[in-house]
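Taking it in order: structure first as structure tokens, then the write-up.
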Amino acid sequence: MQGFWYPFRNIFSLVDELGIKPFTGWMKSAQYSEEGLEVEFPIFQDLNQLPTPLGTLFYTQFSRLPLVDRLTSLPLMAAVIDFDNTDVAWRKYDSITARELFKQFGCSERLYRNVIGPLVQVGLFAPAEQCSAAATLGILYFIILAHQKNFDLVWCRGTLREKIFEPWMDSMRTRGCEFLDGRRVTDFIYDEERCCISDVVCGKETYSAGAVVLAVGISTLQELIKNSILCNREEFLKVLNLASIDVVSVKLWFDKKVTVPNVSNACSGFGDSLAWTFFDLNKIYDEHKDDSATVIQADFYHANELMPLKDDQVVAKAVSYLSKCIKDFSTATVMDHKIRRFPKSLTHFFPGSLL
């Protein structure tokens, strides 16, 4: 599932230009740990706007975290402010882990374990001890020090392909754009005189190109670099140093209605190195709004341990985790399921990877 945050003005402008309405309204979200509900995030733009970062800290509802633990996050603001997105700042913070950063600035163990650690794990798709402190500070700036309403988000009311990409492609076709399906890029031709790519090679076919944009994941890009002329370019060879993360997406149809207080929910700390989110599709997707039963999607990140499991094992784990967050899932029966595995599909922002 892909959320669209308030600052994504380019996306919102695009759908307005296309004359489509693919998104839900602004929706609340929550965060769970093994102990239960930890945090509820309101719709910040509906509340009085307070100076940064007071709005984020004051309006966020902590269900079980004591005030004394929350206050240990304040020294961390110095690092968030110090991280000004310059090369100097990246070099300063990218060499250490997010876990080391939180310890260095005095965050309590409970704050780290139940709130900040899981937030990083969901935002960067890996445990804090495996994430760059620089990338972490970038997320914290977005959540805490940017405008209060930047944390608000909407969801697509169906698949991105159906609701956004297909109307967008239709619009481009009317302007003369041609889409070539089934043409896998295998190589490029580099023009030494102009110092740019002049042609794209797709197997036995070659297409002249005025510009080339590679909109692919890390693992796909790495394979392309290894097997093409790009392997002769230093700037592309550095991409081979990057790492990626597995994702498993589980869609479940239950036999009865289960009340899910918030549409989107982030979770971690369930005894595994993975983080996960779950979504109430009855409140998001048009196709499930009138369903008589609950439809849930759970996306698991850093899902190395789930990738080799059989579908029924993955379903059992997903239901077990859901039941720890919302007890009524323990008495509901899964009537159908759909599982998709995405090996090496997300970027791993490990320490040193961004230098």
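Figures for the structure shown
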| quantity | calculated |
| --- | --- |
| Residues Ser353 and Gln2, FRET efficiency given R0 of 22 Å [Cβ-Cβ distance, rounded to 0.05] | 0.45 |
| Estimated translational D of region 3-153 in µm²/s (Stokes, Kirkwood radius over Cα pairs; 10 °C; 1.306 mPa s) | 96 µm²/s |
| Loop sites in region 229-307: trypsin sites (Lys or Arg not before Pro), DSSP, at most 15 other Cβ within 10 Å | Arg233, Lys256, Lys257, Lys289 |
| Net length gained if the chain between Arg64 and Cys196 were fully extended (0.36 nm per residue, minus Cα distance) | 41.9 nm |
| Cβ-derived FRET efficiency at R0 25 Å, Lys289 paired with Lys327, nearest 0.05 | 0.50 |
| Extension gain (nm, one decimal) between Glu35 and Thr174, 0.36 nm per residue minus Cα-Cα | 44.7 nm |
| Above-threshold pairs, the threshold being 31 Å between Cα atoms, out of Lys21/Lys257; Lys283/Lys324; Lys283/Lys310; Lys103/Lys251; Lys21/Lys338; Lys103/Lys327 | Lys103/Lys251; Lys103/Lys327 |
| Gain upon complete extension [Ile11, Ala211; 0.36 nm per residue less C-alpha separation] | 69.8 nm |
| Approximate shape of the chain as ellipsoid semi-axes (Cα gyration tensor, √5λ), whole Å, largest first | 35, 28, 22 |
| Over the chain: helical MRE at 222 nm, DSSP H runs n ≥ 4 each giving -39500 (n - 2.57), nearest 500 | -7000 deg cm²/dmol |
| Whole-angstrom gap from region 111-145 to region 223-250, using each part's C-alpha centre | 24 Å |
| Residues in region 1-20 that a label on Leu242 would reach, taking backbone N under 20 Å of a point 7 Å out along Cα→Cβ | 1-3 |
| Nearest-0.05 FRET efficiency for Thr220 and Lys256, computed from C-beta distance (R0 45 Å) | 0.65 |
| Mean-position separation - Cα centroids, region 1-37 and region 272-346, in angstrom | 20 Å |
| Top positive-direction residue, dipole computed over region 172-320 with Cβ charges, set Cys177, Leu242, Ile296 | Ile296 |
| Nonlocal amide H pairs with Cys196, under 5 Å, H built at 1.01 Å | Asp191 |
| Highest-first arrangement of 91-99, 186-194, where packing means the average Cβ count within 10 Å | 91-99, 186-194 |
| Summed residue charge, Cβ within 11 Å of Gly217's Cβ, Lys/Arg positive, Asp/Glu negative | 0 |
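Bear in mind that the values in this text are calculations on the coordinates, not laboratory data. Computed from a predicted model, the values in this text were never measured in an experiment. All Cβ positions, glycine included, derive from the backbone under ideal geometry; neighbour counts span all protein chains shown.
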